[in-house]
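See below for the structure under consideration.
Just so you know, all these numbers are worked out from the coordinates, no wet-lab data involved. Quick caveat: nothing in here was measured; it's all calculated off a predicted structure. Note: ideal-geometry Cβ built from the backbone for every residue, glycine included; neighbour counts use all protein chains shown.
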Amino acid sequence: MRKYLILITLFLYLGHVTAQLTYSKEIEQQIKQVENSLAGRVIINGKADNIVDRMAYFHVNGISIAVVKNYQVIWARGYGWANEKEKRPVTIETLFKPGSISKSLNAVGVLKLVQDNKLDLFKDINDYLKSWKFPYDSVSKGKKITMAQLLSHTAGLSVYGGFPGYDAKSKIPTIPEILDGMAPANTPPVRSLFEPGLKFQYSGGGIIISQLIIADVTQQPYEKFMYDQVLKPMGMTHSFYRAAPPATDKLTQLASGYTKDGVEVEATFRHYPEQAPLGLWTTPTDLCNYIAEIQLACQGKSSKVLNQKMARLHLTPYIDSDAALGTFVQERNGEKYFFHDAGNEGFRGLYFASVEGGNGVAIFVNSDEGTIILELLNSVASVYDWKGFDKAVNVNTKAIPDSMAQKYVGVYLYDGNIAEVTNGKDGLFFWTQGQNCKMHFTTDKDFINIEFPSSKSFILDSSGTVTGYSRKLNGKEFPPAKKFTRIDTLRTNKDQINAFAWHLLETKRFDEAIAYLNRGLALEPNDITAAVYLAHCFLFKNEYDKAITLYKGYFGAKKEDQASLKEMIKQDFESFQRNGFDRALVKKASGALGL
């Protein structure tokens with residue numbers, strides 16, 4: 001029912017938007033083409049989707065998009081609701097929280113200081129840090145970390161990302177406390193995982209260090225330097241970095257974040273002192289101003305912030321072939337593009353732009369579901385004939401017998417990762433890596449998912465029993481996935497069991513989740529995440545006393561991490577409440593645990 005309610009309100013709203021902001025007849029025709037040509041790598045049964053249907057399908061409340069052509073923003077448009085309850089529409093001035101896209105603008109700030117001879121990209125970061133020093137140890141093997149390594153994620157540092165933020169009642173840690181993982185910080189310390197300069201290892205923690213360096217070198221608040229020296233000169237005048245929730249006068253301009261099921265999240269108004277990795281608020285139009293300025297600077301045709309040398313460094317891979325200084329680069333059939341994607345709780349985003357030729361797009365959604373972003377990217381690339389993008393391939397699908405479909409249901413293992421096939425209302429679904437995708441069959445055995453690039457085919461033995469599925473990508477065969485039933489022999493990549501157990505927990509299959517978590521704890525007895533998930537399962541199985549005993553046992557065993565452990569459980573509880581779990585049970589457990 002919710003899908004159809006969204007569909008109705010979107011139809012009503014889109015008519016209002018179109019009347020609200022119009023362009024030339026030519027541009028309006030192009031916008032209409034983009035809106036009606038959404039597709040991934042494939043088009044199912046010859047019919048591309050339109051934006052209204054896909055927003056309803058994915059339960060996406062709001063979208064904002066802006067397009068760059070010939071180094072200029074040629075159109076921007078908002079769709080749906082910035083806040084569904086308030087019926088407040090997305091406009092081109094609605095502010096989104098684009099998460100890790102913040103890192104690209106942060107890198108521009110660093111490069112500006114390099115350009116002004118206040119930093120050296122290749123010197124020890126401790127030469128510039130004043131309020132805190134990085135604690136080198138034997139892991140770094142005597143090698144020093146540089147700014148270039150921080151920006152390209154090649155410094156060998158910990159703390160991938162996933163910063164949970166702090167609610168208004170929490171004590172907010174300083175940046176040095178966050179970097180040392182000291183209370184009241186709720187994330188681990190940022191430390192060396194391996195020697196710097198060895199390889200790529202994504203680290204939001206390393207980007208926090210660059211934030212502190214900017215503040216220490218300039219002796220200014222980070223957000224002030226970034227606005228005055230980076231955002232404002234590039235025409236990003238609606239954008240800002242901010243650790244606290246935006247000021248009261250901005251609240252009506254903000255998009256509220258939502259889960260994949262369309263439930264509003266509280267993260268929109270959390271405190272995020274980690275500004276450089278995820279603290280930017282912006283619009284697609286502002287972000288397209290950044291795109292166009294960097295493109296022009298690389299051509300030597302503008303220098304509002306960076307000169308040609310620095311702009312090119314910004315887009316040049318460093319150590320890793322895909323990671324540049326604050327951006328990622330991709331070659332598509334000989335054409336080079338730069339981009340960064342993003343995912344905060346309740347928000348997803350992407351900018352994608354050509355290094356040459358002046359093309360680009362920025363897209364935000366206020367949802368945890370971001371698949372529609374890639375479909376819009378492909379639509380824009382098709383309408384404007386971007387070089388290097390392959391045209392979507394038409395795939396004709398067929399229905400398979402229920403008896404055959406039931407054989408495919410089960411759990412599979414591929415490359416150390418877990419996948420699951422389940423039977424849903426609209427057919428079979430394929431889950432892996434946190435995504436649950438509809439399976440489109442082209443024969444009784446062969447299927448594709450729009451969200452994943454590989455084609456797959458189920459493997460049956462001589463007796464007709466399904467043993468796994470084959471995988472093929474761009475004509476190359478990969479080792480097949482194997483179907484398994486014995487959990488006691490399972491071995492996977494790190495965190496895969498926890499991820500699958502969380503999926504089972506979210507879908508309220510508590511006994512199955514318990515079986516997998518027990519296996520995970522047998523392999524890693526000190527895995528606190530698995531232990532907490534296990535307590536969650538018993539809680540929602542209504543084995544309340546057992547769950548509380550387990551939670552309190554973890555607090556006792558991890559006294560030094562008790563504050564961060566409580567914060568982790570608290571945020572899990574908030575997620576359960578948003579997703580329809582027993583609120584009374586959560587409230588009772590929260591009180592017993594002093595959350």
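Taking the range 86-116 and a reference point 7 angstrom along Cα→Cβ of GLN253, the backbone N atoms nearer than 15 Å belong to 90-98.
In straight-distance terms, cross-link reach from LYS546 covers every one of the aspartates and glutamates whose alpha-carbon lies under 13 Å from its own, apart from those fewer than eight places away in the same chain; here that gives an empty set.
Looking at the range 429-573, the pairs of alpha carbons with a distance over 22 Å make up 51% of the total.
Which entries of LYS199/LYS456; LYS224/LYS250; LYS143/LYS476; LYS391/LYS494 have Cα-Cα distances beyond 28 Å here?
Result: LYS199/LYS456; LYS143/LYS476; LYS391/LYS494 exceed 28 Å.
Dividing the summed helix terms, -39500 (n - 2.57) for each DSSP H run of n ≥ 4, by the number of residues in the chain produces a 222 nm estimate of -10500 deg cm²/dmol to the nearest 500.
Take the Cα atoms of the range 99-383, build their convex hull, and give its volume per residue in Å³.
Values: hull volume 36.8 nm³, N = 285.
Cα convex hull per residue, to the nearest whole number: 129 Å³.
Using a simple spin-label model with pseudo-atoms 7 Å out from Cα toward Cβ, ALA563 and TYR57 lie 4.7 nm apart. For the chain, the dipole from Cβ point charges (+1 on Lys and Arg, -1 on Asp and Glu) about the Cα centre works out to 60 debye, to the nearest 20. If the segment from LYS476 to LYS407 were pulled out straight at 0.36 nm per residue, it would be longer than the present Cα-Cα gap by 22.2 nm.
The C-alpha radius of gyration of the range 388-475, expressed as a fraction of 2.2 N^0.38 Å, stands at 1.09. Number of Lys-Lys pairs in the range 32-123 with C-alpha atoms under 25 Å apart and a separation of 8 or more places or on different chains: 12.
Taking 0.36 nm per residue of separation and subtracting the Cα-Cα distance, what length does fully extending TYR202 through LEU21 add?
61.2 nm
Across the range 206-336, Cα-Cα pairs farther apart than 23 Å form 44% of the total.
Each peptide in 33-40, 93-100, 331-338 was scored by the mean count of other Cβ atoms within 10 Å over its residues; highest first, the order is 93-100, 33-40, 331-338.
Protection proxy ranking of 191-198, 515-522, by the mean of other Cβ atoms within 10 Å over each peptide's residues and highest first, is 515-522, 191-198. For the range 493-593, the calculated P(r) over all alpha carbon pairs, in 5 Å bins from 0 to the bin holding the longest distance, is 2, 13, 26, 27, 21, 9, 2, 0 percent. At q = 0.11, 0.12 Å⁻¹ the log10 of I(q)/I(0) for the chain amounts to -1.19, -1.42, computed by Debye summation with a single uniform scatterer per C-alpha, solvent ignored.
Could you tell me the ratio Rg/Rh of the range 515-568? Both radii from Cα atoms, Rh via Kirkwood. Here Rg/Rh amounts to 0.96.
Where in the range 412-500 are there trypsin sites (Lys or Arg not before Pro) that are in a DSSP coil and have at most 13 other Cβ atoms within 10 angstrom of their Cβ?
LYS425, ARG486, ARG491, LYS494
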